[in-house]
1. Evaluate segment 81-100: report whether one residue or more is farther than 22 Å from I28 by Cβ, modelled with pLDDT of 95 or more and hydrophobic (A, V, I, L, M, F, W, C).
2. Considering only residues that are surrounded by fewer than 18 Cβ atoms within 10 Å (Cβ to Cβ) and touching a helix residue (DSSP H, G or I) at 6+ places or on another chain (Cβ under 7 Å), which ones fall in segment 48-61?
3. Where the second residue is open to solvent by 40 Å² or more (accessible area, probe 1.4 Å) and outside any helix (DSSP H, G or I) and the first is closer than 15 Å to I28 by Cβ and of a type in the set (D, E) and lies in segment 56-75, which pairs have Cβ atoms under 6 Å and are six or more apart or on separate chains?
4. Hey, any hits in segment 2-18 for a residue that's free of Cβ contacts under 8 Å to residues at least 60 places away in the same chain, under 15 Å from I109 (Cα atoms) and part of a helix (DSSP H, G or I)?
5. Which of the residues spanning segment 22-44 are under 16 Å from L106 (Cβ atoms) and open to solvent by 70 Å² or more (accessible area, probe 1.4 Å)?
6. Quick one: how many residues across segment 67-92 are open to solvent by less than 70 Å² (accessible area, probe 1.4 Å) and within 12 Å of V35 (Cβ to Cβ)?
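The values are calculated or read from the model by the stated rules, or taken from the named source; none is laboratory data. Keep in mind it's a predicted model, so treat the numbers as computed, not measured. Quick reminder, even Gly has a Cβ in these numbers, built from the backbone with ideal geometry, and neighbours come from all protein chains shown. Side chains included, ligands, DNA and RNA excluded: accessible areas come from the protein's heavy atoms. Shrake-Rupley method; radii C 1.70, N 1.55, O 1.52, S 1.80 Å.
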Amino acid sequence: MIKSAVNSTEKPTVDEQYMRIAIDQARIAEENGDVPIGAVIVHNNTIIAKAYNQREQLQDPTAHAEIIALTQAASALENWHLNDCTIYVTLEPCCMCAGALVEAELGKIGGIEENVPGVTRDDVKNNLTDPDQVAKSNCPG
């Protein structure tokens, strides 16, 4: 069962509110028998995409929360350049998703400044360059 890592005793920051929505998305993935990962993409303080892992549901190895959310966001903006967007993800992305986040030119990985639990830009870079992560994901290094 997924437990929220976001402090629930204080009024949540905006970043925490978006991360909670990503956690809710992860719960849907878990309920559907998939790895519990959720993602939310925000543009101008508006959620334009939210997704959860759907690999088992769709029998699609690329149906990761981040990939689905990126597709939704690009469709919503009618532009694949997401440099004015922030993504909130509940777990550091795999090599495939890290590469897609870089390609989408996202402006921010959610919660970095406020130290909200979740993924940081360094996590994304590490998954693309760390030999252990690359080997684990079978991505060429």
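1. Checked segment 81-100: at least one residue is farther than 22 Å from I28 by Cβ, modelled with pLDDT of 95 or more and hydrophobic (A, V, I, L, M, F, W, C).
2. P61
3. As it stands, the answer is E56/G33, since those pairs meet every condition given.
4. Yes, because at least one residue in segment 2-18 is free of Cβ contacts under 8 Å to residues at least 60 places away in the same chain, under 15 Å from I109 (Cα atoms) and part of a helix (DSSP H, G or I).
5. Scanning segment 22-44 gives a single hit, N44.
6. Number of matching residues: 1.
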